[in-house]
Amino acid sequence: MSRKPPRQRPARKPLLVLLVFLLLWLIGIAGGEPQRVLEQAIRICFSCIGIG
């Protein structure tokens, strides 16, 4: 009679980290961060090539 190994529970820490990441990502998108980052990138690029 062979015994089955006990079932391992899925790790909770990676799932928790992923959920926190997704929450912060959605908050950033809702707060308009992508637009702000794009504006800063354009400003930096213009100053580097001497236009702005």
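The values are calculated or read from the model by the stated rules, or taken from the named source; none is laboratory data. Worth saying up front: this structure is predicted, and the values here are computed from it rather than measured. These area figures cover heavy atoms from the full protein model, side chains too; ligands, DNA and RNA do not enter into them. Shrake-Rupley method; radii C 1.70, N 1.55, O 1.52, S 1.80 Å.
Starting from 0.36 nm per residue, how many nanometres of slack lie between Gln35 and Leu15 once their C-alpha separation is accounted for?
Extra length available between Gln35 and Leu15 comes to 4.3 nm.
Could you give the accessible area per residue of the chain, probe 1.4 Å, as a whole number in Å²?
With all protein chains present, the chain gives 108 Å² per residue.
Helix 33-48 sits at what angle to the longest principal axis of the chain, using alpha carbons and giving 0 to 90 degrees rounded to 10?
Between helix and principal axis, roughly 40 degrees.
Consider the candidate values [x] 13.4; [y] 12.9; [z] 15.2; state which one is Kirkwood radius over Cα pairs in Å computed from the structure displayed.
Answer label, from the structure shown: [z].
With a 1.4 Å probe and every protein chain kept in, tell me what percent of the accessible surface of the chain is carbon plus sulfur.
On the chain, the fraction of accessible area on carbon and sulfur atoms equals 68 percent.
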